[in-house]
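Engineer: This is the structure, below, for whatever I ask next.
The values are calculated or read from the model by the stated rules, or taken from the named source; none is laboratory data. Note that the structure is predicted; figures quoted are calculated from it, not measured. Positions of Cβ are generated from backbone atoms using ideal geometry, with glycine treated the same way; all protein chains shown enter the neighbour counts. Just the protein is used for accessible areas: all its heavy atoms, side chains included, with ligands, DNA and RNA removed. Shrake-Rupley method; radii C 1.70, N 1.55, O 1.52, S 1.80 Å.
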Amino acid sequence: MIRFEHVSKRYEDGTTAVDDLSFEVAAGELVTLVGPSGCGKTTTMKMVNRLIEPTAGHIFLDGEDISGIDPVELRRRIGYVIQQVGLFPHKSVLDNTATVPHLLGWKKAKARARAAELLDLVGLDPSVYGDRYPEQLSGGQRQRVGVARALAADPPVLLMDEPFGAVDPVVRERLQSEFLRLQAAVHKTVLFVTHDIEEAVRLGDRMAVYGAGRIEQFDTPSTVLGAP
Ligand code: ADP
Ligand code: ADP
């Protein structure tokens, strides 16, 4: 589903963030990207949805070189969730969730119905939370809205960049469990960045373990943990 072929990214100041990455992620697979700060995880993710362009190599989505895919089309195919989910403060939870369908030109009623369904799926009753505003939610609830919003257009691929990194450990565990349940239902192809090794082990079908700019190990959690 996602394939990197000899992908490198050198920023304008000369920093090589990612150096000759090649890997493949299967459809429906959840791969965690784990490693210390600054090793290139976020850069890897942002190249998948073309927020950043590689300086060398090619990235394929379902066999298609993404450099030829229109960014709006990429938004439909790739959901993106980050640590501080940027919800629109003046939009209700329901309207925040309906953002992408709205951008894609769905009829308002259809977009809102879809948004309500998604809020339900992430554990937020739309009849209770739909009309609230982001500031009336807890941190954990805001992250749930972020996940719902990313799923709204039913993209096959999800990019999650430390989505549960800013909530306290108890809430994080709950969000992880809920996300595992959700993933078992929706089978997205997921790249999930975390610097929390326990989270990576718990969630990942496979883990990509980064050293500076490179993936040093790419295997199942049990193999990675069992490695000498
Ligand atoms: P991680 O997500 O693993 O923390 P990043 O992908 O954010 O790592 O960063 C990888 C490297 O690239 C780091 O050395 C970082 O400082 C550098 N970097 C990230 N963004 C930029 C940028 N816009 N310009 C220059 N260097 C950058
Ligand atoms: P979660 O475990 O989902 O992160 P919290 O324990 O942080 O939730 O919050 C518990 C309850 O308090 C939630 O039902 C949430 O709606 C409510 N709450 C949290 N922050 C606010 C706020 N700023 N305004 C109104 N209600 C809030």
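Engineer: Any chance you could check the Cα centroid distance between the stretch 8-49 and the stretch 178-204 for me, in angstrom?
Structural biologist: The stretch 8-49 and the stretch 178-204 have Cα centres separated by 17 Å.
Engineer: Straight-line reach from residue 41: which lysines fall under 25 Å, measuring Cα to Cα and dropping same-chain residues less than 8 apart?
Structural biologist: 9, 188
Engineer: Continuing with the same structure: I need the peptides 170-176, 83-89 ranked by packing, meaning the mean over residues of other C-beta atoms within 10 angstrom, with the highest value on top.
Structural biologist: Output ranking for 170-176, 83-89: 170-176, 83-89.
Engineer: Same structure, new question: How long are the semi-axes of the equivalent ellipsoid of the stretch 1-82, taking √(5λ) for every eigenvalue λ of the Cα gyration tensor, in whole Å from largest down?
Structural biologist: Listed largest to smallest, the semi-axes of the stretch 1-82 are 19, 15, 13 Å.
Engineer: Please report the orientation-averaged projected area of the chain, defined via the convex hull of its C-alpha atoms, in nm².
Structural biologist: 12.7
Engineer: Give me the net charge of residue 59's neighbourhood, meaning all other residues with Cβ under 14 Å from the Cβ of residue 59; Lys, Arg count +1, Asp, Glu -1.
Structural biologist: Once all neighbours under 14 Å are counted, the net charge is -2.
Engineer: By Kyte-Doolittle mean hydropathy of at least 0.0 and Cα axial length of at least 15 Å, which whole DSSP H helices of the chain are selected?
Structural biologist: The answer, listed by residue number, is 169-186.
Engineer: Considering only the other residues whose Cβ falls under 13 Å of the Cβ of residue 193, what net charge follows from Lys and Arg at +1 and Asp and Glu at -1?
Structural biologist: Taking every other residue near residue 193 into account, the sum is -2.
Engineer: Suppose only helical runs count, i.e. DSSP H with n ≥ 4. What mean residue ellipticity at 222 nm does that imply for the chain under -39500 (n - 2.57) per run, divided by all residues and rounded to the nearest 500 deg cm²/dmol?
Structural biologist: Result for the chain: -10500 deg cm²/dmol, rounded to the nearest 500.
Engineer: Compute for the stretch 109-228: radius of gyration divided by Kirkwood radius, i.e. Rg/Rh, restricted to C-alpha atoms, rounded to two decimals.
Structural biologist: Result for the stretch 109-228 is an Rg/Rh of 1.02.
Engineer: Among 145, 201, 128, which one moves the most in a GNM of the chain with springs linking Cα atoms closer than 10 Å?
Structural biologist: Greatest mean-square fluctuation among the candidates belongs to 128.
Engineer: How many percent of the accessible area of the stretch 76-228 is carbon or sulfur, using a 1.4 Å probe?
Structural biologist: C and S fraction of accessible area: 52 percent.
Engineer: How big is the dipole moment of the stretch 40-183 about its Cα centre under a simple scheme where the beta carbon of each Lys and Arg is +1, that of each Asp and Glu is -1, and everything else is neutral? Debye, nearest 20, please.
Structural biologist: The calculated dipole for the stretch 40-183 is roughly 340 debye.
Engineer: Whole angstrom only: what separates the Cα centroid of the stretch 112-143 from the Cα centroid of the stretch 69-100?
Structural biologist: The distance from the Cα centre of the stretch 112-143 to that of the stretch 69-100 comes to 14 Å.
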